[in-house]
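Notes for the one structure printed next.
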Amino acid sequence: MNSEGLGEPALVPGTPKAEERLLPPEIELDAELRKVVTIRACCTLRLFVPIKGRPAPEVKWTREHGESLDRATIESTSSYTLLIVENVNRFDSGKYMLTIENSSGSKSAFVNVRVLDTPGPPQDLKIKEVTKSSVTLTWEPPLLDGGSKIKNYIVEKRESTRKGKSDPRALAVPVVAKDLVIEPDVRPAFHSYSIQVGQDLKVEVPVSGRPKPTVTWVKDGQTLRQTTRVNVSDLTDLTVLNIKETSKEDGGTYEITVANVVGQKSASVEIITLDKPDPPYKDTIVVNAGDTFRLEADVHGKPLPTIKWYKGDKELEETARYEIKNTDFSALIIVKDAIRVDGGQYILEASNVAGTKTVPVNVKVLDRPGPPEGPVQVTGVTAEKCSLAWSPPLHDGGSDISHYIVEKRETSRLAWTVVASEVLPTMLKVTKLLEGNEYIFRIMAVNKYGVGEPLESVPVMMKNPFVVPSPPKALEITNITKDSMTVCWSRPDSDGGSEIIGYVVEKRDRAGIRWIKCNKRRITDLRLRVTGLTEDHEYEFRVSAENAAGLGEPSQVSPYFKACDPMFKPGPPTNAHVVDTTKSSVTLSWSKPIYDGGSEIQGYLVEICKADEDEWSLVTPQTGIRATRFEIKKLTEHQEYKLRVCALNKVGVGEAASVPGTIKPEDKLESKLFCVCLFFFLFLFFKVHLKLMCHQNIQK
């Protein structure tokens, strides 16, 4: 709309439909999760994976070989999924498969997890050779090595209880039947049980005796107090001690006493609770570059734990700057002349047969930051601009990164030029570059301690990665009037690698030789109303597409179209009827059509057809007649005919108007005389017939 009023509307192509935009699912697996995730037994495994997709994808976690995930806690939202497994053991090692799916597709990824734990049992134990004083055993390594190489094996033995049956012997004297009594007995299968704190324990002890003996459990000299967590159940030949979620206090000596009328017997078992070592937590330690710092902690465990220091996944060893001094009850590491790479997370690991516990200790070394993480991603390269992206440094020097400095240089020169000195995000769009030149870019991180080391990009040649688009297709001219036409077209097959930014429409008069541009402004629609044409002049049109590389080749030229108001065939004549007939002719009349199709009526065409046929014959000249009345001659008397009339203009012959009913050529006067004669004849016939009947009756 402007000061002159409301302009012509522009139609949106197609039929828009309000619906949610669909995005296929994506999994953004962190770089750390792409490696093998190593974790100590009894620790908590956390796998945090960002996801995308619209609608929100359905998340499914599985194990590679179908192992159960009952112990895992899975939390999923539209933007992430989190899998947590607490108190991991060696059976939690392996591939964790993640699959996300929505209506746009599905995506899968996996994470390899290695749990460092005690090994599994050896496989396929066999007895190879037996002598009176020796036995030879063989076995296969365990299926799970606990994440570490098997160092040696421990072989144990115990004697089994022998049972047998002798030959029968007849008694010399009779036997008197009476109740059988058997002395009570209790024989534990093992004299000691080891259980890790937090796990459930079940101790089954065989008992015998007749009558059935009573069973009493005593712990450390006191009668065992039964609860819902600690309880005893007696069966026919067993007494069972159940302890849920064993604690340190459950350890000790348990005495089982069985008694009946014959006597009593006692046995004892020892329950050993294995507790994990418990190193204390240390807060973050902050040191200046060049200083010496110490990491120390008291360590407890039963049996005495083995102590190791790690930085990341690598175990630390003594060097000129690293001094490790561990004892049975303490851990100490001394780092001399601290540098930036000494910052990060140190892990103190204490382990024994009961398990392993790790504690992280964070160290912050105050220094200039390290180089940004590369490589530098160079995208969107054209003849004069490109976009750079990078990742923050691994080592921030113990202080937040305040900003970045980006510089450039041509490969043919040695001097660096500052592109931007205070870049806050980890990306930058670089402009005003020279086409055909090759550039190298470098990025430096800055914190309060100074400017860090640079990260350089690979050489980048500045040139457009695209070409001009191909010609538009399917050119069509519609809505023709005496001073305007609408030009329509379809998109090109190729946009040349760059988005099409507009189209140019051109026209040429048949009487001229120059192509004239029709649109003053860039148009993005696929049609244009061309106005200001000269009436009765013929025009042809062509269209070109434009992108960032320039204007493409024009489309195929359209045929010539004349600028004139549209005309159509006329409507049917009105009031078509017969006004006179003879025995060899029919005269019909009609009125002009209500609608002349926008062009003067040039004449009328009359057609005739026998009533029992469908073949119409033209009885007027091909050019038509100007009158609205016409006599059709040389017809067959008493033959029925069908008649119709059509109007004619410049465009052609219009719709026909049919004369109602069928028409029979006959002389109208002769028809009346025939009717009178027939009536008179019938009158005389009936009169004579009546007289004869009366005469006959009189005679009778």
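The values are calculated or read from the model by the stated rules, or taken from the named source; none is laboratory data. All values reported here derive from a predicted model rather than from experimental measurement. Cβ placement follows ideal geometry from the backbone for every residue including glycine, while neighbour counts extend to all protein chains displayed. Quick note on the areas: whole protein, heavy atoms, side chains included, nothing else; ligands and nucleic acids left out. Shrake-Rupley method; radii C 1.70, N 1.55, O 1.52, S 1.80 Å.
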Cα centroid of the stretch 213-260 to Cα centroid of the stretch 89-137, whole Å: 35
Inter-label distance, nm, simple model (7 Å from Cα along the C-beta direction), residue 383/residue 682: 10.4
Packing-based ranking, highest mean first, of 459-471, 504-516 given that Cβ atoms within 10 Å are counted: 459-471, 504-516
Lys, Arg +1 and Asp, Glu -1 on Cβ, resulting dipole of the stretch 463-619 about Cα centre, debye, nearest 20: 920
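How much area per residue is accessible in the chain when the probe is 1.4 Å and only protein heavy atoms are counted (Å²)? Each step should come with its number before you reach the end.
Values: 45210 Å² over 700 residues.
Per residue, the chain has an accessible area of 65 Å².
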Lysines with Cα under 21 Å of residue 569, excluding same-chain neighbours fewer than 8 positions away: 482, 592, 650
Surface share of carbon and sulfur [accessible, 1.4 angstrom probe, percent] for the stretch 2-66: 51
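Could you tell me the calculated FRET efficiency between residue 535 and residue 12, based on Cβ-Cβ distance and R0 = 41 angstrom, to the nearest 0.05? Present the calculation step by step, with values, prior to reporting the outcome.
Working: r = 32 Å, r/R0 = 0.78.
The formula returns an efficiency of 0.80 here.
Using mean Cβ contacts within 10 Å as the protection proxy, how do 108-119, 217-228 order, highest first? The partial results should precede the final answer.
On the way: 108-119: 18.8, 217-228: 11.7.
By packing density, highest mean first, the sequence is 108-119, 217-228.
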Whole-Hz ³J(HN,Hα) from phi, Karplus 6.51 cos²θ - 1.76 cosθ + 1.60, for the stretch 249-260, glycine and proline x: 5, 6, x, x, 9, 10, 9, 10, 10, 10, 8, 9
Dipole of the chain, positive direction: furthest Cα of 570, 599, 628, with charges on the beta-carbon: 628
Pair residue 261, residue 87: separation of 7 Å Cα→Cβ label points (nm): 4.8
Charge dipole magnitude, Cβ of K and R +1, D and E -1 - the chain, Cα centre, debye nearest 20: 1580
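Given a Förster distance of 51 angstrom, what is the FRET efficiency for residue 69 paired with residue 253, based on the Cβ-Cβ distance and rounded to 0.05? Mind dumping the intermediate values first?
Numbers: r = 40 Å, r/R0 = 0.78.
My answer for the efficiency is 0.80.
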Rounded Å value of the spacing that divides the Cα centres of the stretch 609-643 and the stretch 395-422: 98
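Could the peptides 39-51, 185-197 be put in order, highest first, of the mean number of other beta-carbon atoms found within 10 Å of their residues?
Numbers: 39-51: 17.5, 185-197: 15.0.
Order by mean packing, descending: 39-51, 185-197.
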Lysines whose Cα lies under 22 Å from that of residue 583, excluding same-chain neighbours fewer than 8 positions away: 610, 633, 634, 642, 664, 668, 672
Net charge of Cβ neighbours under 12 Å - reference residue 431; Lys, Arg +1; Asp, Glu -1: +3
On Cα atoms only, tilt of 668-699 relative to the major axis of the chain in degrees: 80
Qualifying lysines (Cα of each under 27 Å from Cα of residue 157; at least 8 residues distant if same chain): 126, 128, 132, 149, 165, 202, 265, 302
Sulfur and carbon atoms: percent of accessible area, the stretch 419-539 [1.4 Å]: 49
